[in-house]
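J.: Would you mind keeping the following structure in view while I ask a few things?
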Amino acid sequence: MYRLADFGIALIGLFTTAAAACAQTQTDEIARGERLFRACAACHSLEPDRNMTGPSLSGLWNRKAGSLPNFDRYSAALASSGVIWNDTSLDRWIADPQHFIPGNTMTFPGIKGARERAALLAFLKEATQPGRARAATAQRDHQMGGMMGMIGTGSVPNLKTLEPGERVQQITHCRDTYRVTTADGNTRAFWERNLRFKTDASDDGPQKGAPAIVAAGMMGDRADVIFAGPEEISGFIAAGC
Ligand code: HEC
């Protein structure tokens, strides 16, 4: 009798250890997947309705490929593929996007390792469920830390409220030089090839008439001026030395 009880307790102990080990492995895998997602975060948000270079991945499982109504840049190839996103199709897509759906416009070479893909999908499956807190984390880490953000991969800070040093008041152009004056009274000169003009009409973009200057590149010699819309651009730039 004693022996049977001992055996039972030992067995419970064994199960608990195995279950804990299993949960640990799964957590490790999701954490690994979250790190791998940094390769995607330059172009994809996990937040609903937040499109960047690529469409939001929120609610991805069981979604029809190319079907987000508010993403305007799907290729015909993806939109007409008939693919439904699930474990199998996503694994093939991530392994080699051009092979799986030829002619799509996602410029990503693919992840060759099957275990890496499994980890990434384990993370994504959890993080793409709408309302997942974890979703925002990888994105934020990416935007704050990575060099990718600095290089300018489409993830920009919200520009609705700006520090005076970020708010552009005037731009002049003289020979090969732009001079940008910000609301704090400073003027910086840029070689004309080092200043880019961009627009952002989304909720992250600047207010009308208040374009923002954002550092670009890593050498400190480049910047983007981001306007609320294209109609503002030339009116802001005065010719004059
Ligand atoms: C350089 C930018 C870029 C990177 C990096 C990138 N994607 Fe994409 N992705 C896109 C674009 C653009 C599209 C739309 C392609 C089209 O319409 O042909 C897309 C489409 C997708 C789709 C289809 C979504 C839908 O609504 O049908 C999925 C899923 C996806 N990407 C997952 C990923 C994953 C996972 C990674 C990282 C392993 C990744 N992407 C990396 C730009 C990118």
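J.: For segment 164-239, how big is the tail of P(r) above 22 Å, as a whole percent of Cα pairs?
T.: Working: 411 of 2850 pairs.
Percent of Cα pairs beyond 22 Å in segment 164-239: 14.
J.: Further question: Taking θ as phi - 60°, what are the ³J(HN,Hα) couplings along segment 111-121 by the Karplus curve (6.51, -1.76, 1.60), each to the nearest whole Hz, with x for Gly and Pro?
T.: In residue order, the calculated couplings are 10, 7, x, 5, 5, 5, 4, 4, 5, 4, 5 Hz.
J.: So, counting K/R as plus one and D/E as minus one, what does the shell of residues with Cβ under 10 Å around GLY110 add up to?
T.: Here the count lands on +2.
J.: Give the lysines reachable from LYS160 as a straight Cα distance under 22 Å; neighbours fewer than 8 places away on the same chain don't count.
T.: LYS198, LYS208
J.: Would you mind checking which residues have amide H under 5 Å from MET52's amide H? H placed 1.01 Å from N; only 5 or more apart, or other chain.
T.: Residues meeting the criterion, in which the H sits 1.01 Å from N, are SER45.
J.: Further, regarding this structure: Counting only other residues whose beta carbon sits under 10 Å from that of ARG32, what net charge do I get with K and R as +1, D and E as -1?
T.: Working: positive: ARG35, ARG115; negative: ASP28, GLU29, GLU34, GLU116.
So the surrounding residues net to -2.
Read the figures in this text as sums done on the coordinates, not as results from a lab. All values reported here derive from a predicted model rather than from experimental measurement. FYI the Cβ positions are ideal-geometry reconstructions off the backbone, even for glycines, and counts take in every protein chain you see.
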